[in-house]
Each structure stands twice: as C-alpha cells, then as structure tokens.
Amino acid sequence: MSERSSSETAYHVEVRQFPNVARSFNLTRAQLDARIIGPWLAGRAVEMDDRKFSPDRAKLKIIEGAALRTDEI
C-alpha cells in the first residue's frame with residue numbers, strides 16, 4: 001500500500017475465496033493491471049496476502065475511488 005493524497009484516483013481490490021478474503025488498497029492503474037487484472041483474465045491465480053486466489057473459484061471486486069489515508073483503511 002502506498003501513501004497518496006486523498007484527491008488522487010486509486011483502485012481498491014477485494015478477493016474472496018471461502019473462507020479467505022484479501023484486500024489491497026491504493027493501487028495505481030499500472031499496479032492493478034500487472035498484479036490483478038492481467039493474471040485474472042489469463043486464468044492464472046492472483047496472489048495476495050500470501051494466498052493464491054483462483055479466478056474460477058474466487059470473486060473479485062475492484063473499486064475506483066479516492067486514495068485512502070492509512071487511518072481510513
């Protein structure tokens with residue numbers, strides 16, 4: 001997670017594969033594409049929080065919004 005001002009656009013990701021949930025906040029578009037969207041669309045597992053989430057078994061949620069301060073996460 002990186003520190004940004006709250007006026008910058010950022011992407012927040014949640015991946016769920018019962019019983020596990022992983023979240024990542026304040027990603028840039030480049031980080032989102034490289035770490036999440038690219039592998040997901042290619043059918044490869046996405047690794048977050050030392051766990052692998054398979055696109056065929058997990059649910060992915062991506063939210064575009066303002067960057068969050070550490071105390072807001």
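Could you please state how large a percent of the accessible area of region 21-66 is carbon and sulfur, counting protein chains only and using a 1.4 Å probe? The nonpolar share, carbon plus sulfur, comes to 46 percent. Over the chain, calculate the relative contact order: mean separation of alpha carbon pairs under 8 Å at least 6 apart, over the residue count, as a percent. Relative contact order, the chain: 45 percent. For the chain, excluding the exposed loop sites themselves (GluC sites (Glu not before Pro), DSSP loop, at most 13 other Cβ atoms within 10 Å), the longest remaining stretch covers 9-73. Volume per residue for the chain equals 82 cubic angstrom (convex hull of Cα atoms).
Taken per residue, the accessible surface of the chain reaches 68 Å², heavy atoms only and a 1.4 Å probe.
Taking each DSSP H run with n ≥ 4 as -39500 (n - 2.57) and averaging over every residue of the chain yields -1500 deg cm²/dmol at 222 nm.
The values are calculated or read from the model by the stated rules, or taken from the named source; none is laboratory data. Treat the numbers as computed from the prediction; the structure is a model and nothing was measured. Cβ: placed from backbone, ideal geometry, glycine included. Neighbour counts: every protein chain shown. Surface accessibility is based on the protein's heavy atoms, side chains included, excluding ligands, DNA and RNA. Shrake-Rupley method; radii C 1.70, N 1.55, O 1.52, S 1.80 Å.
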